[in-house]
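The next block holds one structure in the form of structure tokens; read it before the comments.
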There are 2 protein chains.
Amino acid sequence: MPSAMTSALPNIAETSDNGAGCGAPPEIGRQRKRGAELEDAIRGACVAELAELGYGNLTIESVASRAQTGKASIYRRWPTKQQLVMDSVGCLMSGPLMRLTDLEYDDTVTTRDAILDLMVRVGAVMAGAQGDAMRSLMGESLRDEDFSGCFEGDFYDPRKQSLIRLLERGVARGEVRPEAIDEVVVEMIAGAMIHRILIRRQNPTKRDFEQMLDVFIMPAIQPGAAENAAVADKPAVADTACVAEKAETHS
Amino acid sequence: MPSAMTSALPNIAETSDNGAGCGAPPEIGRQRKRGAELEDAIRGACVAELAELGYGNLTIESVASRAQTGKASIYRRWPTKQQLVMDSVGCLMSGPLMRLTDLEYDDTVTTRDAILDLMVRVGAVMAGAQGDAMRSLMGESLRDEDFSGCFEGDFYDPRKQSLIRLLERGVARGEVRPEAIDEVVVEMIAGAMIHRILIRRQNPTKRDFEQMLDVFIMPAIQPGAAENAAVADKPAVADTACVAEKAETHS
DNA sequence: TCCATAAGAAACGCAAACGTCCACTAGAGT
DNA sequence: ACTCTAGTGGACGTTTGCGTTTCTTATGGA
């Protein structure tokens, strides 16, 4: 399990984890779940309720009902709704999404194809109920430090590191210019995906990812793009004050 | 007011509307607001509560208290919380954000600078409390058709049209290749902004916008980018099925 | 088989918010 | 000044969900 996955481009179905919980399916023949099995069921129910109802409409009662358990069993383990939700979503991030940080590719795979593969895999996870659950927390994460820490530290940063690693690999292979090891590359890639999902409410196809990558990203990061390199040396315009600061000055 | 604003690059402070409501400030010396003045105060309070508390925690009582009015006055005009919120946010979109669709630039302004100006202006609005209010509806809009219609039709589409117009202008000036009149350009630009604000919880600076534009966007859309043009002709790979469909097949 | 305890169902008291109603008053118009 | 009515503050009955408690029972381990 901790061994890295080395591959050309593996069949994408292998990495699509369908269980909402973190563990085994329920035992057959028993009326009650206990211990870890119950916790898994509760977390799975929580994620499902999040996906369907959003954070604001999720209640401990609805989670308990869905998990076919009592509220007291939930309160015995998680003192607040927020902690239940954070733990449940944390299992997502340490489960199906975390596996996507372990991908490695053999020498036959170009950097472009490796980045594309990662995009497609992350997109597949985000397209499902698990992605719905995470999206439902987006508003909360803007107002609550615990949630926002979860989003940035547990979700964004590992994905960022994966992509940075691919860029570094690309530099070593001569496919990426060294200055392209920059967070803004990650943001351009992730941003378009997020935008498609959140604002357009569509799931990007692989063809979409290819277009984004081949039209905008690869030309910008590949070696020898003379115009691009010159851009980094552009002198700062005098009017470079932070826009938000200006807007708030006038509030 | 309906006249288009023709400008070089006007002072950005002019387009920063600080009032959360849609009309005049409250009259001095009166104990009670009536009519349109009261409605403006209610809408402003609603937007402020949205920004601070989010949709889920917003109550009619809290809006009434903040607007210094009674619940009955709110219910006389808006039958549900959702309708109050949609109306209040709708005033945002027909106010400060809608003005950003009317910008025109004289011949001295390059397409790059016009796009940059638009990005900076939209970014300034999104950086404030009004942006907070809209962001708080993001989760709801994924689950509710009325909200999502609001987001896409009233927020996204006008912004898209503005950018498409700038691209068309660029084509006429020979600064943009004709195939770049494509929604994905809008998505790349808007996506990076959204990502910075939502996931990173930072407000993009003008310098950020310049980098996104000059490193990724302009090189991809300007004429004569031979690699870029060739990309559009890339044959579809056999494995082009929609990723989300595959993921759900395995659910 | 026995025992300890976690789990489930139901009930409970409480708080908050909803949506409505009522009596009084401020404000606009004549 | 008078009249009409929109607006305000408070009260009201209801609903919902929270967090807790209690009693019974299923389950795992010895």
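Taking the label point 7 Å from Cα in the Cβ direction, how far apart in nm is A:Asp106 from each other copy of itself, listed shortest first?
Relative to the other copies, A:Asp106 has label-point distances of 6.4 nm.
Using the 7 Å Cα-to-Cβ label point, sort the distances from B:Ala36 to its equivalents in the other copies shortest first and give them in nm to one decimal.
Those label-point separations list as 6.7 nm.
Using only C-alpha atoms and all pairs of different ones, pull out the Kirkwood radius for the stretch B:35-83 in Å with one decimal. Let's see the in-between values first.
On the way: mean 1/r = 0.0951 Å⁻¹.
It is 10.5 Å.
In whole angstrom, how far apart do the alpha carbon centroids of the stretch B:27-75 and the stretch A:176-211 sit?
When both Cα centres are located, 40 Å separates them.
Heavy-atom accessible surface, probe 1.4 Å, ligands and DNA/RNA ignored: which residues of the stretch A:133-148 lose at least 40 Å² versus the isolated chain?
Residues meeting the cut-off: A:Met138, A:Leu142, A:Arg143.
Given points 7 Å out from each Cα along the Cα-Cβ axis, report the B:Arg201 to B:Glu152 separation in nanometres with one decimal.
Each label point is offset 7 Å from its Cα along the Cβ direction, giving 3.0 nm.
Of A:Lys81/B:Lys160; A:Lys81/B:Lys33; B:Lys33/B:Lys81; A:Lys81/B:Lys81; A:Lys71/B:Lys71; A:Lys160/B:Lys81, which sit over 28 Å apart, Cα to Cα? Could the numbers behind the result be given before it?
Working: A:Lys81/B:Lys160 39 Å; A:Lys81/B:Lys33 40 Å; B:Lys33/B:Lys81 21 Å; A:Lys81/B:Lys81 24 Å; A:Lys71/B:Lys71 34 Å; A:Lys160/B:Lys81 39 Å.
Cα-Cα > 28 Å for A:Lys81/B:Lys160; A:Lys81/B:Lys33; A:Lys71/B:Lys71; A:Lys160/B:Lys81; rest within.
Once you place label points 7 Å from the Cα toward the Cβ at A:Asn57 and A:Asp144, how far apart are they in nm?
1.8 nm
What is the interface area between chains B and A, defined as buried accessible area summed over both chains with a 1.4 Å probe, reported in Å² to the nearest 100? Don't skip to the end; give the middle numbers.
Details: alone 14580 and 14600 Å², together 22890 Å².
Approximately 6300 Å² gets buried when B meets A.
With each label point set 7 Å from Cα along the Cα-Cβ vector, what nm distance links B:Ser94 and A:Tyr75?
Calculated label separation equals 4.8 nm.
Compute the signed sum of charges (Lys and Arg +1, Asp and Glu -1) over the other residues within less than 11 Å, Cβ to Cβ, of B:Ser65. Working shown, then result.
On the way: positive: B:Arg66, B:Lys71; negative: B:Glu49, B:Glu61.
Net local charge, B:Ser65 excluded: 0.
Tell me the net charge near A:Gly170. Cut-off is 14 Å between Cβ atoms, A:Gly170 excluded, with +1 for each Lys or Arg and -1 for each Asp or Glu.
Details: positive: A:Arg112, A:Arg165, A:Arg169, A:Arg173, A:Arg177; negative: A:Glu104, A:Asp107, A:Asp113, A:Asp117, A:Glu168, A:Glu175, A:Glu179, A:Asp182.
So the environment of A:Gly170 carries a net charge of -3.
Taking amide hydrogens as modeled 1.01 Å from N in the peptide plane, which residues meet the under 5 Å criterion relative to B:Tyr105, leaving out close sequence neighbours?
B:Ser7
Which distances in nm, rounded to one decimal and ordered from shortest, link the label point of A:Lys71 to the equivalent label points in the other identical copies, with labels set 7 Å from Cα toward Cβ?
Result, one decimal in nm: 2.2.
At a 10 angstrom cut-off on C-beta neighbours, averaged per residue, how do the peptides A:182-195, A:135-148, B:106-119 rank from highest to lowest? Display every interim value, and only then the final one.
Working: A:182-195: 22.0, A:135-148: 19.4, B:106-119: 17.8.
The packing order, highest mean first, is A:182-195, A:135-148, B:106-119.
The values are calculated or read from the model by the stated rules, or taken from the named source; none is laboratory data. Since the model is a prediction, treat every value here as computed from it, not as a measurement. Note: ideal-geometry Cβ built from the backbone for every residue, glycine included; neighbour counts use all protein chains shown. Accessible surface areas use protein heavy atoms only, side chains included; no ligands, DNA or RNA. Shrake-Rupley method; radii C 1.70, N 1.55, O 1.52, S 1.80 Å.
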